[in-house]
1. Identify the residue in segment 15-29 that is under 20 Å from Asp53 (Cβ atoms) and assigned to a loop (DSSP other than H, G, I, E, B) and, among all such residues, is most open to solvent (accessible area, probe 1.4 Å).
2. Where residues in segment 70-98 are open to solvent by 70 Å² or more (accessible area, probe 1.4 Å) and in contact with an Asp or Glu (Cβ under 6 Å, 6 or more places away or on another chain), which of them is farthest from Pro25 (Cα to Cα)?
3. Would you point out the residue of segment 99-113, among those that are over 11 Å from the mean Cα position of the chain (by Cα) and small (Gly, Ala, Ser), that is least open to solvent (accessible area, probe 1.4 Å)?
4. Would you please name the residue that is nearest to the chain's Cα centre (by Cα), looking only at residues in segment 4-14 that are touching a residue at least 24 places away in the same chain (Cβ under 8 Å) and surrounded by fewer than 14 Cβ atoms within 10 Å (Cβ to Cβ)?
5. Read through the list (1) closer than 13 Å to Ser37 by Cα; (2) open to solvent by 70 Å² or more (accessible area, probe 1.4 Å); (3) without any contact (Cβ under 8 Å) to a residue 60 or more places away in the chain, then give the number of the only condition that Ser67 fails.
6. Take segment 67-84 and flag every residue that is within 12 Å of the chain's Cα centre (by Cα) and in a strand (DSSP E or B).
7. Residue by residue through segment 30-50, note down the ones that are surrounded by fewer than 16 Cβ atoms within 10 Å (Cβ to Cβ), at pLDDT below 95 and not basic (Lys, Arg).
8. Condition first: closer than 16 Å to Val90 by Cβ and touching a residue at least 60 places away in the same chain (Cβ under 8 Å). Now tell me which residues in segment 28-50 satisfy that.
Amino acid sequence: MGEKEREKVEHWGQGKSARVDVCIPVYRIDPTPLIRSLFRCDRAEEARICVCDDGSGDPQLSETLRSLLGSHRGPATLITFAVNRGLSVVRNTFIAHSQSEWLLFLDADSEIITPSFL
C-alpha cells in the first residue's frame, strides 16, 4: 500500500482563504486546549488550522478533532494516518497540503495566551 493510500484528508471551510496555515501534529494527545486558544485569537478566521493525527487510533479523539475543526470560523484540515509515521513525515505532509504563504508549526500541548498571536 502506498503512502498516500494510508492518509485520509478532510477539509472544512473550503473557498475561504488563509494568511497562515497553523500545523499541529497529534499523536496520542488531545490538542483541544491549543485549538480553543487559537479560536480566541483576534484574527483566527485568517488562519487555516491543520491537524495531523499520526496514527493515534483513538476514535474519540478523531470525533473531537472533527467537531472542533468544523466549528472554526476559518478553513481547517484534518489529516489522519492509519499508522504512526513520525514527526518528519507529518511535517512534510503539512507542507505538501499547505495552501497559505506562511506555515506555523505548534506542538499539540501548547496553548496561545496572547490574543494578537495570529
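The values are calculated or read from the model by the stated rules, or taken from the named source; none is laboratory data. Keep in mind that this is a model prediction, so the values were computed, not measured. Glycine also receives a Cβ, built like all others from the backbone with ideal geometry; neighbour counts cover every protein chain displayed. These accessible areas exclude ligands, DNA and RNA; they are computed on the full protein's heavy atoms, side chains included. Shrake-Rupley method; radii C 1.70, N 1.55, O 1.52, S 1.80 Å.
1. Within segment 15-29, the subset under 20 Å from Asp53 (Cβ atoms) is 21-29.
After this cut, where a residue has to be assigned to a loop (DSSP other than H, G, I, E, B) as well, the list is 27-29.
Values: Tyr27: 93, Arg28: 171, Ile29: 61 Å².
Of everything passing the filter in segment 15-29, Arg28 is most open to solvent (accessible area, probe 1.4 Å).
2. Applying the filter and picking the extreme gives Arg73.
3. Keep residues of segment 99-113 that are over 11 Å from the mean Cα position of the chain (by Cα), which gives 99-103, 109-113.
Those left that are additionally small (Gly, Ala, Ser): 100, 110.
Values: Ser100: 20, Ser110: 38 Å².
Within segment 99-113, the match that is least open to solvent (accessible area, probe 1.4 Å) is Ser100.
4. Taking segment 4-14 first, the residues touching a residue at least 24 places away in the same chain (Cβ under 8 Å) are 6-14.
Okay, now just the ones that are also surrounded by fewer than 14 Cβ atoms within 10 Å (Cβ to Cβ), so 6, 8-9, 14.
Values: Arg6: 17, Lys8: 13, Val9: 11, Gln14: 14 Å.
So the residue we want is Val9.
5. Of everything listed in (1) closer than 13 Å to Ser37 by Cα; (2) open to solvent by 70 Å² or more (accessible area, probe 1.4 Å); (3) without any contact (Cβ under 8 Å) to a residue 60 or more places away in the chain, Ser67 misses just condition (1).
6. Ala76, Thr77, Leu78, Ile79, Thr80
7. Scanning segment 30-50 gives a single hit, Asp42.
8. Hits for segment 28-50 are Ile29, Pro31, Leu34.
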